[in-house]
Amino acid sequence: MKHFLLVILTLFSAGLFAQPKLQSPAEFLGYELGDRFTRHHRMVEYFKHVDEAASNVQVMQYGETYEHRPLIYAIIASAENYKNLEQIRQDNLKRAGMVEGTPATRVAIVWLSYNVHGNEANSMEAAMKTIYELVNPDNAKTKEWLKNTVVIMDPCINPDGRDRFANFYAQYGTQPPTADPQAREHAEPWPRGRANHYLFDLNRDWAWETQVESQARIKIYNQWMPHVHVDYHEQGYNSPYYFAPAAEPFHEVITSWQREFQNTIGRNNAKYFDEQGWLYFTKERFDLYYPSYGDTYPTYSGAIGMTYEKGGISAGLTVTTNEGDPLTLKDRLTHHFTTGMGTLEAASTHATKLVDEFEKYFRETINTPTVPYKTYVIKAENNPDKLNKLTTWMSTHSIQYGHIATGKATRGFDYQTQTVGNVSVTTDDLIISIHQPKGRFITTVFEPQSKLTDSLTYDITAWNLIYAYGLKAYALNEKISVTKPYQPKVATYEAVTAKPYAYFFKYESLVDVEFLAALMKKGIKVRSSDKGFVLNNQSFAPGTLIITRRNNESVTDFDNSVQSLAKALGRKIYTTTTGYVDKGSDFGSSDVRYLKAPSVALLGGDQTSSLAHGEIWHYFEQQIRYPVTIVGTDYFRNVDLWKYDVFIIPDGSYRLFDEATLSTLDRWVSDGGRLIVVAGGAAAFAEKKGFGLKEYASDDAKRQAEKAEKEQQEKEGPVKYGEAERKELSENIFGAIYKVILDKTHPLAFGMSDTYLSLRTSERHYSYLEKGWNVGILKGKQKPLIGFAGYKINKQLENTLVFGVEDKGRGQIIYMVDNPMFRCFWEDGKMIFSNAVFMVGR
């Protein structure tokens, strides 16, 4: 009996702990891939099942979205390589010069990323088919490929957007699905599923890392540094399939090998598409220039970075294309699966060459970079908050930086004056040499000018972070090596023994704005000086935050509250025992204004740009942590605006603002409201009764543009049909940086320098305000500091408004022609926006 029980117990334990049998996606999910859109959690469960069923798969969570969905990735390898995964990873970092030592293994690494845009939804389905075939014991091809190739899969970069789309389709999709493109199931409502929780385009965020998904992914990516990276997308359903090689422009740091191997992979993919008679195109539309894509960031990090695009946005489970053909989800995922297999085959076939060229890429990057600027010097006197943010950002990308041991004199390009001159490099300055593994990436984000081989590009053509942060910096042709680790400036605190008459704080950065927001939320009353002043022989600029003991008597534990908040955010505390200043306005003057904590509302919904709305939403919730009420466009006309002090209308294309609505807004502003209109939001008020924003085209600019166009036509003859698209470029701006002159005496420009380098992404231009404050202007002849803009539009921008404030009754309208919050990486722009919220009109 005992023996019988022991056998039963042994059999039971073996069954309990036995490795489960590998199931196909259809067996596990209970439906065929392509029959429905799988929810994210079911995909995660399937990947975990594969992990449990296959001994050569490891699935790990690398982060969590804002809506608390897990971010996972899978590593798939042969049995032998699986045992040596850590050795393979470390050896790869050694090849890249990121870890010291000599590599002992020689294995290619391919990374496949899916569903960065939530409503480009076939790729997550394709990911499940792909991982199954990689571990399917009956698939001899994948077994062979895995002998010399490790595969990493991120099956869904954007789970929040993915489920937003999947939930929409589950709710509105018909049974059977409707192929009519006009059906409800093919028309997602705002904000659609493309973006993440905060409505950011994660495919534009690889470099800037403003979102938690990007931050978590980049950390893991830089721990592996793959040799090939594919970013899976969908395009409009009337387009066929796009795969590499990419279109021009290519950034000049991209090597001939990276170009060449894109062709190798492309031809291999084409072989399989040709066999099936599937349509595709290459070398068009999708370029390799802007550094924050899922193809360019890997490319600038040594990989063969590629975008694959299948026609399918808004296709649902099936749709009829313009050619009258049916396009199904099953078709779409099969095409993505096919390019995945074709890419892995090409990588495995050329694994040795791939690994060798990867090592060569970094050897040349570290030892013999060919670009003109070898060192970037960021001066120590820059705002410490900006330096801290920049160095933190660089660390996330494994960029090396530090100090030199002894100062030196040299020559270099001055970003502020746009000239070459003498430079004194001190031991406190921040030094970034491109003689390091991330040298090519550094070049793309810091170089004063980027060579643009083709102005017909897919995205913005300028993004320089030194301009974005408004830093005093130099680019040197000379190599200067870092010899000391970076030492950040840390605020020093002296004990505040007595109870001061007032505390006061400098106002120069977004951290200062966050501190102001924290004070307001705590109920602490804050004032701001409209003019500069001198106290205790120290100068303080306009905008300085002043917290007097008077009017804060009701604050519990007032001194400790102010000091604790200041220390938590690293703010240097200044105190005084008197309100009498050495020079300027005393603390009781009318020039020292009370800053009432504003109640803020933000417009969202149909007609607003979901991306622009998300930028502002994220700014309030995640960057300065200040409450904001989101008001929908669908019920805006019924909203009681008088509950709010500030109302923000982001970029968009508006039909909402009819005569009655504009009249309501006019009255609300006159009663003390502050209206902030941004980009397309500002355009909605141009030439409208009661509002001072006027469209602009000077007679002189018109004449010059017409003359230039006539001369061009006489020189080149009539425009040919095939050249029409390029001819239109003369009127376009592709994300270029312009120098804006600021009126620093106005509260909208507090904390800023005399100029602001604006990333302009539209061609809108308006006259100076006749009755108002022209705080930011483009003065005289215009040409971008960096980036492409056509000669016609540059003429039209001469002497135009960028930022203006119109006083109306007891309120103000703040016009922002450029969007200072664009993608939330333009640090100086956030300061201007913050001033519009907290400083103007208080």
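The values are calculated or read from the model by the stated rules, or taken from the named source; none is laboratory data. From a predicted model like this one, the values you see are computed outputs, not experimental measurements. All Cβ positions, even for glycine, are placed from backbone atoms using ideal geometry, and neighbour counts span all protein chains on display. Please note that ligands, DNA and RNA were not included when accessible areas were found on the heavy atoms of the full protein model with its side chains. Shrake-Rupley method; radii C 1.70, N 1.55, O 1.52, S 1.80 Å.
Of the helices (runs of 4 or more DSSP H) lying entirely inside the stretch 341-451, those containing at least 2 residues that are more than 30 Å from the chain's Cα centre (by Cα) and surrounded by 14 or more Cβ atoms within 10 Å (Cβ to Cβ) are 351-367.
Remark: pairs (first residue in the stretch 19-36, closer than 19 Å to A166 by Cα; second residue outside any helix (DSSP H, G or I) and of a type in the set (F, W, Y); Cβ separation under 7 Å; 6+ apart in sequence or on different chains) are absent. Taken over the stretch 79-97, residues that are open to solvent by 20 Å² or more (accessible area, probe 1.4 Å) and either under 30 Å from H618 (Cα atoms) or not aliphatic (A, V, I, L, M) (or both) amount to 10. On the basis of being open to solvent by 20 Å² or more (accessible area, probe 1.4 Å), within 20 Å of E67 (Cα to Cα) and among the hydrophobic types (A, V, I, L, M, F, W, C), does W206 make the cut? Judged against the criteria, W206 is not a match. When residues in the stretch 400-427 are screened for being over 25 Å from T755 (Cα atoms) and not polar (S, T, N, Q), 8 of them pass.
Rundown of residues vs (1) in contact with a Leu (Cβ under 9 Å, 6 or more places away or on another chain); (2) in a helix (DSSP H, G or I); (3) at positive phi, yes/no style:
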residue: R217; (1), (2), (3): yes, yes, no
residue: F261; (1), (2), (3): yes, yes, no
residue: N268; (1), (2), (3): no, yes, no
residue: L279; (1), (2), (3): no, no, no
residue: S292; (1), (2), (3): no, no, no
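If we scan the stretch 230-237, do we find a residue that is closer than 22 Å to I109 by Cβ and among the charged types (D, E, K, R)? For the stretch 230-237, residues closer than 22 Å to I109 by Cβ and among the charged types (D, E, K, R): present. Scanning the stretch 800-842 for residues that are over 30 Å from S663 (Cα atoms) and either assigned to a loop (DSSP other than H, G, I, E, B) or more than 25 Å from the chain's Cα centre (by Cα) (or both) gives F825, W826. Please determine whether any residue of the stretch 483-495 is over 30 Å from the mean Cα position of the chain (by Cα), of a type in the set (K, R) and either at pLDDT below 95 or assigned to a strand (DSSP E or B) (or both). Yes, some residue in the stretch 483-495 is over 30 Å from the mean Cα position of the chain (by Cα), of a type in the set (K, R) and either at pLDDT below 95 or assigned to a strand (DSSP E or B) (or both). With respect to Q276, is the statement that it is out of contact with any Pro (no Cβ under 9 Å at 6 or more places or on another chain) and either surrounded by fewer than 19 Cβ atoms within 10 Å (Cβ to Cβ) or over 25 Å from A121 (Cβ atoms) (or both) true? Against the criterion (out of contact with any Pro (no Cβ under 9 Å at 6 or more places or on another chain) and either surrounded by fewer than 19 Cβ atoms within 10 Å (Cβ to Cβ) or over 25 Å from A121 (Cβ atoms) (or both)), Q276 qualifies.
In the stretch 57-68, the condition of being surrounded by 19 or more Cβ atoms within 10 Å (Cβ to Cβ), touching a Ser or Thr at 6+ places or on another chain (Cβ under 9 Å) and not in a loop (DSSP other than H, G, I, E, B) is met by no residue. Here the strands (runs of 3 or more DSSP E) wholly within the stretch 562-673 that include at least 3 residues being under 33 Å from the mean Cα position of the chain (by Cα) and more than 23 Å from G161 (Cβ to Cβ) are 646-649. Of all residues in the stretch 377-413, those that are among the small types (G, A, S) and within 28 Å of G829 (Cβ to Cβ) total 4.
Pairing each residue of the stretch 273-298 that is touching a residue at least 40 places away in the same chain (Cβ under 8 Å) and more than 9 Å from Y242 (Cβ to Cβ) with any residue that is of a type in the set (A, V, I, L, M, F, W, C) and exposed (fewer than 15 other Cβ atoms within 10 Å of the Cβ), provided the two are 6+ apart or on different chains, yields C-beta distances under 8 Å for F273/L279. Only one entry in E125, E133 is of a type in the set (D, E, K, R) and open to solvent by less than 10 Å² (accessible area, probe 1.4 Å), namely E125.
Among the residues of the stretch 495-521, the one identified as more than 14 Å from I573 (Cβ to Cβ) and surrounded by fewer than 16 Cβ atoms within 10 Å (Cβ to Cβ) is K521. Tell me whether the stretch 253-262 contains one or more residues that are buried (at least 18 other Cβ atoms within 10 Å of the Cβ), farther than 15 Å from T307 by Cα and touching a strand residue (DSSP E or B) at 6+ places or on another chain (Cβ under 7 Å). Yes, some residue in the stretch 253-262 is buried (at least 18 other Cβ atoms within 10 Å of the Cβ), farther than 15 Å from T307 by Cα and touching a strand residue (DSSP E or B) at 6+ places or on another chain (Cβ under 7 Å). Within the stretch 458-477, the only residue that satisfies the criterion of being in a loop (DSSP other than H, G, I, E, B), open to solvent by 10 Å² or more (accessible area, probe 1.4 Å) and hydroxyl-bearing (S, T, Y) is Y458. Within the stretch 228-250, does at least one residue satisfy the condition of being closer than 29 Å to V99 by Cβ and among the polar types (S, T, N, Q)? No; the residues of the stretch 228-250 include none that is closer than 29 Å to V99 by Cβ and among the polar types (S, T, N, Q).
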